[in-house]
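The values are calculated or read from the model by the stated rules, or taken from the named source; none is laboratory data. All of these numbers come straight from a predicted model, not from anything done at the bench. In this analysis, Cβ positions are derived from the backbone assuming ideal geometry, glycine residues included, and neighbour counts consider all displayed protein chains. Note: areas computed on protein heavy atoms with side chains; ligands, DNA, RNA excluded. Shrake-Rupley method; radii C 1.70, N 1.55, O 1.52, S 1.80 Å.
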Amino acid sequence: MKPRPTLEERARERLIFALDVGSVREAGQLVRALHGSVGMFKVGKQLFMRSGPRIIQYVRERGGEVFLDLKFHDIPQTVARASVEATRLGVAMFNVHASGSTAMMEETVRQVRRVCRSEHLRRPRILAVTVLTSLSNDDLATIGVRHGLEDQVVRLAALAEITGMDGVVASPKEVKAIRRACGPRFAIVTPGIRRPQDDVGDQERVTGPAEAIEQGADYIVVGRPIRDARDPKAEAARIVSEITAALGAARHRRPTDKGRERGPR
Ligand code: C5P
């Protein structure tokens with residue numbers, strides 16, 4: 001039997017490093033430096049367009065896990081078939097836009113489940129993107145969405161949950177409302193993480209790693225604070241220790257809350 005993971009191992013699992021670089025060489029250096037120090041590597045559009053699927057293979061061969069952040073949005077068959085290919089690449093997570101419709105999410109979940117059964121593949125977590133954090137209330141009104149931003153986020157998260165999706169990517173500010181609407185087993189992944197000493201960059205509303213976990217996030221995505229650090233591995237270790245402390249404090253506060261205490265699902 002596998003030994004129970006320590007609190008620190010569970011904290012590390014929750015840290016997703018955004019591999020936002022423009023060359024395969026840089027990506028390789030960061031993967032070699034950080035595998036074992038972060039829980040997952042997020043591969044986005046830029047790196048995927050540059051490297052293609054081999055970056056996923058590269059991370060997987062070193063024992064790392066991949067969150068493929070391509071945010072699929074198209075007609076149901078197209079998204080479902082792209083999702084089947086993401087599943088075949090062995091990613092641990094990938095995402096689609098919830099606004100692509102419940103039919104699109106249902107078809108995606110159905111086809112991914114089917115290919116996992118027929119080809120004996122591990123089932124990735126399928127996440128929904130609700131409202132991009134770059135959009136404001138005014139942007140939503142311009143495209144004809146009359147609900148306020150938070151209402152729209154919660155509405156799309158609830159639809160994702162009903163259609164069998166495993167979770168959402170959301171701003172730390174939205175975590176509590178989503179948790180209330182979608183329950184304890186729905187995975188919430190939050191970018192926009194900064195500590196007081198970090199450069200904020202282009203992130204508008206930021207939250208610290210411990211605070212995001214305390215609010216109920218299952219995973220946090222951190223890019224530039226680790227990538228641009230003099231010693232990325234040491235920086236990742238510092239963030240993991242902050243998450244460890246937050247998990248320890250949460251366990252202390254809620255000793256009977258077994259579902260949440262188990263951490264990422
Ligand atoms: O460098 P930084 O820590 O800001 O990286 C955050 C990562 O999360 C980037 O890859 C960014 O594209 C992504 N992201 C985000 N906000 C969202 C969705 C994704 O910052 N709403």
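Placing a pseudo-label 7 Å from each Cα along the Cα-to-Cβ vector at Arg25 and Arg224 gives an inter-label distance of 2.4 nm.
Beyond 27 Å in Cα-Cα separation lie the following of the pairs Lys45/Lys233; Lys2/Lys173; Lys71/Lys176; Lys42/Lys173: Lys2/Lys173. Considered as an equivalent ellipsoid built on the Cα gyration tensor, the stretch 1-67 has semi-axes of 24, 11, 10 Å, the largest given first.
Each label was represented as a point 7 Å from its Cα along the Cα-to-Cβ direction; for Arg81 and His120 these points are 2.7 nm apart.
Just grab the label-to-label distance for Leu135 and Asp74, each label 7 Å out from Cα along the Cβ direction, in nm (one decimal). Output for this residue pair reads 2.0 nm. For the stretch 12-70, the per residue solvent-accessible surface stands at 43 Å², with DNA, RNA and ligands left out and a 1.4 Å probe. When the chain is treated as a GNM, springs tying every alpha-carbon pair under 10 Å, which of Leu135, Leu121, Leu68 comes out with the largest mean-square fluctuation? Largest GNM mean-square fluctuation: Leu135. Computed on the chain, with alpha-carbon pairs under 8 angstrom and 6+ residues apart, the relative contact order is 18 percent.
Does the chain come out rounded, prolate or oblate, given a ≥ b ≥ c as the square roots of the eigenvalues of its C-alpha gyration tensor, rounded meaning a/c under 1.5 and, failing that, prolate meaning a/b above b/c? It comes out rounded by the Cα gyration axes. Only Cα pairs under 8 Å and 6+ residues apart enter the sum, and on that basis the relative contact order of the stretch 193-248 stands at 36 percent.
Loop-located trypsin sites (Lys or Arg not before Pro) across the stretch 158-220 with a Cβ neighbour count of 16 or fewer within 10 Å are Arg185, Arg205, with loop assigned by DSSP.
Per-residue extension of 0.36 nm, minus the Cα-Cα distance of Ala103 and Met49, leaves a gain of 16.7 nm for this segment. Dipole magnitude for the chain: about 1040 debye, using +1 per Lys or Arg Cβ and -1 per Asp or Glu Cβ, origin at the Cα centre.
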